[in-house]
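Written below as structure tokens is the structure these notes are about.
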Amino acid sequence: MSAVLKAPLVVEFPFTRSLGPVQSAFLTGLRERVVLGVRTGDGRTLVPPVEYDPVTAEELHDLVEVAPTGTVTTWAWNPAPRRGQPLTTPFAWVLVRLDGADTALLHALDAPGPAAVHTGMPVRIRWAGERTGAITDIACFEPYDGRRAEPAGHTGEFEAPVTGIVAAARLDYTYSPGRAQTAYINALSGRRTMGERCPSCRKVYVPPRGACPTCGVATSEQVEVGPRGTVTTFCIVNIKAKNLDIEVPYVYAHIALDGAGLALHGRIGGIPYDEVRMGLRVEPVWTDGARYPDHYRPTGEPDADYDTYKELL
Amino acid sequence: MSKEPVAVVGIGQTRHVAARRDVSLAGLVREAARRALRDAELTWADIDAVVIGKAPDFFEGVMMPELYLADALGAVGKPMLRVHTAGSVGGSTALVAANLVAARVHTTVLTLAFEKQSESNAMWGLSLPIPFQQPLLAGAGGFFAPHIRAYMRRSGAPETVGALVAYKDRRNALKNPYAHLHEHDITLDKVMASPMLWDPIRYSETCPSSDGACAMILTDRAGAARAPRPPAWMLGGAMRSEPTLFAGKDFVSPQAGQDCAADVYRQAGITDPRREIDGAEIYVPFSWYEPMWLENLGFAGEGEGWKLTEAGVTELDGDLPVNMSGGVLSTNPIGASGMIRFAEAALQVRGQAGEHQVDGARRVLGHAYGGGSQFFSMWLVGDRPPDS
């Protein structure tokens, strides 16, 4: 058995966030080098602020400024920073209770090593040079032995408040299609389509998944299907999909390859789009270097009888 | 011991729109929850548990948002559950909540579903570039359009039926202040003249992308007795699943959908849904799914669903109105869409649907499905308790 395929999969998207009144004030404040908390019904000040009281569920809107100095309440050393983290050199993740706040804020502490960090140590904010209204406007915290700063009593009213942010997210996976699909993909490189037959219901799965979803049993018997097949149903695509270099209109079809227990999907070419029909007999057209057939074209055979493919739509 | 009867005593929705840039996710769900509490004349303290649902986390990019939404929903110190069953999630979320009341685990449960589609792109979230796989060749409607063509072939339905559904649902939406699309100048000609995107699906036969939330307060018999407004009673509720793809899958009328409906009718003692049910809120993301689901749900025989649509039976003044609220075709915050169906069914039997009220609606079906016809959830609600 050949080795199971693996490849990196990067999932990346610039999500947008509507902030609502409290987060809007908090992030706008950071832009202006002001840290705001929110006062709860029982008089505590939460930093970072939240919109709703965790105890009473009441809406919170009483914003209060706290100091840019505070105390580390707990920490963990990060010896190997990863992309996107606040500092590129080793640092401590810290929870910092800012002076005037009752809760702690998570951020990074720039320190030479874990021996230089301890719970209870005084720290202050190191502001980023360029600030846009984001948590990264606090570049990090730094050790600080000086005088405690006094908050200026800001109320959270700002010119041109930040109302939304873009939160770019990226996840890095290693994807493996597994044993059955690896065999299928390897066979495609020889322009053959291999499925697996369920030992119980005898249906041939293309692409195979290694198990029959109906019977719940493992599949292993290799079965070559096609190359010819039948268009079982289709649509005519009239709008260009993003990242697809195909001229519209074109036909996107379900194609039951001969011998397969279910249809796969492909584009139909070699025939005007408005002449494609259910039952059309087709064969794959391969292009050099492509993993999958570029499209399927008519074979010239008579159309298949509806009864022969009505279970394969 | 028999189950506790489950009553809907509070319903709240946001005004669904393309983008709610004025609120955070927390602010959005809060708005619907507050309206449901106000409808029930209850406070956060009256709620014993919170059951929340939404579609995939990639739709906003907040992983496990229920953790951060606990404060906004008064869930601190209470059980909070999150449900996920793709597009059907709004329905299955309500059913999980209902089962907690029916099993007497909790007395009064807040259930809520939401989506803030403007924060991401659902099509991106559903078509990640998986290595080795053939890229999707057809865009959002390309998944659905071939199934619609299969239905047309099987039923012999005339090509105009899809447009009739869209025209009806968009007119119904004009009577629903919470609906996203309010197309005041809609005509059948305009629907027919809209661009054919994925033939046989026209632009006007597709659902919008919405930001919105929907909440309900479910309670027991004693809670219903204290309710300030008439409750809706759950007469039956069921969920069914099947794989998205398998040999023999019937996309036109999935077995799981048929089985789910049959279970609901059995629980409710319904033997002839067409005669015994007064209306239905059915998850119709593309117009042709109305006749398809009418058959799947047993309102019409196989190949006969389009005849109900064509004859006007499913119009607001027909004898089986469907999607009185305007449906998914007019409002689609994906994760909330199923709960909106369930809630709109409840509004009807409570007599509180306003301008889109069906006179004398006593039993109404709420239906949701999702995940490429993988998940189904439904409930039937009535104006009387199940044992009366």
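The values are calculated or read from the model by the stated rules, or taken from the named source; none is laboratory data. From a predicted model like this one, the values you see are computed outputs, not experimental measurements. Neighbour counts are summed over all protein chains in view; Cβ atoms, including those assigned to glycine, are modelled from backbone coordinates with ideal geometry.
Pairs meeting the criteria (first residue in the range A:250-265 and closer than 20 Å to A:VAL237 by Cβ and more than 8 Å from chain B (Cβ to nearest Cβ), second residue of a type in the set (Phe, Trp, Tyr) and crowded, with 24+ Cβ neighbours inside 10 Å, beta carbons under 7 Å, at least 6 apart or on different chains) are A:VAL251/A:PHE234; A:ILE255/A:TYR296.
Looking at B:GLU290, B:GLU355, B:GLU344, B:GLU310, which is the one that is in contact with a Leu (Cβ under 7 Å, 6 or more places away or on another chain) and of a type in the set (Asp, Glu)?
Details: B:GLU290 fails: in contact with a Leu (Cβ under 7 Å, 6 or more places away or on another chain); B:GLU355 fails: in contact with a Leu (Cβ under 7 Å, 6 or more places away or on another chain); B:GLU344 fails: in contact with a Leu (Cβ under 7 Å, 6 or more places away or on another chain).
Testing whether each residue is in contact with a Leu (Cβ under 7 Å, 6 or more places away or on another chain) and of a type in the set (Asp, Glu) leaves just B:GLU310.
A:ALA169 meets each of the listed conditions (1) among the aliphatic types (A, V, I, L, M); (2) within 14 Å of chain B (Cβ to nearest Cβ); (3) crowded, with 17+ Cβ neighbours inside 10 Å apart from (3). One residue stands out among those in the range B:172-225 that are basic (Lys, Arg) and in contact with a Gly (Cβ under 8 Å, 6 or more places away or on another chain): the one that is farthest from B:MET339 (Cα to Cα), which is B:ARG202.
Scanning the range A:230-258 for residues that are surrounded by 16 or more Cβ atoms within 10 Å (Cβ to Cβ) and either outside the structural domain of A:VAL276 (by TED's automatic domain parsing) or among the polar types (S, T, N, Q) (or both) yields A:THR230, A:THR232, A:THR233, A:ASN238.
Kindly provide the set of residues from the range A:68-112 that are part of a loop (DSSP other than H, G, I, E, B) and farther than 15 Å from A:CYS140 by Cα, ordered by number. First the steps, then the outcome.
The first filter runs over the range A:68-112 and keeps only residues part of a loop (DSSP other than H, G, I, E, B), leaving A:68, A:79-90, A:99-104, A:110-112.
Once the filter is applied, which keeps residues that are part of a loop (DSSP other than H, G, I, E, B) and farther than 15 Å from A:CYS140 by Cα, the range A:68-112 yields A:PRO79, A:ALA80, A:ARG82, A:ARG83, A:ASP99, A:GLY100, A:ALA101, A:ASP102, A:THR103.
Restricting attention to the range B:110-159, the residues that are of a type in the set (Val, Ile, Thr) and either in a helix (DSSP H, G or I) or at positive phi (or both) total 1. Scanning the range A:25-55 for residues that are in a loop (DSSP other than H, G, I, E, B), hydroxyl-bearing (Ser, Thr, Tyr) and in contact with a helix residue (DSSP H, G or I) (Cβ under 8 Å, 6 or more places away or on another chain) yields a count of 0. In the set (1) in a loop (DSSP other than H, G, I, E, B); (2) free of Cβ contacts under 8 Å to residues at least 12 places away in the same chain; (3) closer than 27 Å to A:ARG170 by Cβ, B:ALA55 fails one condition alone, (2). Considering only the range A:114-156, state which residues are at pLDDT below 95 and in contact with a helix residue (DSSP H, G or I) (Cβ under 8 Å, 6 or more places away or on another chain). Residues satisfying the conditions are A:HIS154, A:GLY156.
Give the residue that is farthest from B:ILE282 (Cα to Cα), with candidates limited to residues of the range B:78-96 that are polar (S, T, N, Q) and outside any helix (DSSP H, G or I). If you could, list the steps in order and put the result at the bottom.
In the first step, residues of the range B:78-96 are kept if they are polar (S, T, N, Q); the result is B:85, B:88, B:92-93.
Then drop every residue that is not outside any helix (DSSP H, G or I), which leaves B:85, B:88.
Details: B:THR85: 17, B:SER88: 11 Å.
So the residue we want is B:THR85.
Here the condition is being surrounded by fewer than 18 Cβ atoms within 10 Å (Cβ to Cβ), among the polar types (S, T, N, Q) and touching a residue at least 12 places away in the same chain (Cβ under 8 Å); of A:THR174, A:THR182, it holds for A:THR174 alone.
Within the range B:34-47, identify whether any single residue is away from every other protein chain (no Cβ under 14 Å), crowded, with 20+ Cβ neighbours inside 10 Å and closer than 20 Å to A:VAL55 by Cα, and answer yes or no. Checked against the condition, which is being away from every other protein chain (no Cβ under 14 Å), crowded, with 20+ Cβ neighbours inside 10 Å and closer than 20 Å to A:VAL55 by Cα, the range B:34-47 yields no hits at all. Among the residues of the range A:188-242, those that are facing chain B (nearest Cβ under 10 Å) and polar (S, T, N, Q) comprise A:THR214, A:THR232, A:THR233, A:ASN238. Those residues that are in contact with a Leu (Cβ under 9 Å, 6 or more places away or on another chain), in a helix (DSSP H, G or I) and not aromatic (Phe, Trp, Tyr), I need them from the range B:160-189; list them, please. Once the filter is applied, which keeps residues that are in contact with a Leu (Cβ under 9 Å, 6 or more places away or on another chain), in a helix (DSSP H, G or I) and not aromatic (Phe, Trp, Tyr), the range B:160-189 yields B:ALA163, B:LEU164, B:VAL165, B:ALA166, B:LYS168, B:ASP169, B:ARG170, B:ARG171, B:ASN172, B:ALA173, B:LEU188. Here A:THR45, A:THR28, A:THR40 are screened, and the one residue that is more than 21 Å from B:LEU25 (Cβ to Cβ), buried (at least 20 other Cβ atoms within 10 Å of the Cβ) and not charged (D, E, K, R) is A:THR45. Among residues of the range A:273-313 being more than 24 Å from B:PRO135 (Cβ to Cβ), without any contact (Cβ under 8 Å) to a residue 24 or more places away in the chain and not charged (D, E, K, R), the one that is farthest from the other protein chains (Cβ to nearest Cβ) is A:GLY300. Pairs meeting the criteria (first residue in the range B:8-20 and in contact (Cβ under 8 Å) with a residue 24 or more places away in the chain, second residue assigned to a strand (DSSP E or B) and surrounded by fewer than 24 Cβ atoms within 10 Å (Cβ to Cβ), beta carbons under 7 Å, at least 6 apart or on different chains) are B:ARG20/A:SER18. Residue under question is B:GLY237, and the condition is that it be closer than 30 Å to B:ALA102 by Cα, more than 14 Å from chain A (Cβ to nearest Cβ) and either modelled with pLDDT of 95 or more or touching a Lys or Arg at 6+ places or on another chain (Cβ under 7 Å) (or both); does it hold? Yes. Restricting the range A:33-59 to residues that are over 27 Å from A:GLU159 (Cβ atoms) and of a type in the set (S, T, N, Q) leaves a set whose member that is nearest to the other protein chains (Cβ to nearest Cβ) is A:THR56. Per the conditions (1) surrounded by 22 or more Cβ atoms within 10 Å (Cβ to Cβ); (2) over 17 Å from B:TRP293 (Cβ atoms), the sole criterion not satisfied by B:ARG221 is (1).
Considering only the range B:179-191, I want to know if a residue exists there that is crowded, with 17+ Cβ neighbours inside 10 Å, within 17 Å of A:ASN238 (Cβ to Cβ) and modelled with pLDDT of 95 or more. Yes: one or more hits. The residue that is nearest to B:PHE143 (Cα to Cα), counting only those in the range B:190-227 that are part of a loop (DSSP other than H, G, I, E, B) and touching a strand residue (DSSP E or B) at 6+ places or on another chain (Cβ under 8 Å), is B:PRO200. Of all residues in the range A:185-199, those satisfying the criterion of being among the charged types (D, E, K, R) and buried (at least 18 other Cβ atoms within 10 Å of the Cβ) are A:GLU196, A:ARG197. Counting only residues that are facing another protein chain (nearest Cβ under 7 Å) and under 25 Å from the mean Cα position of the chain (by Cα), the range B:119-146 holds 7 of them.
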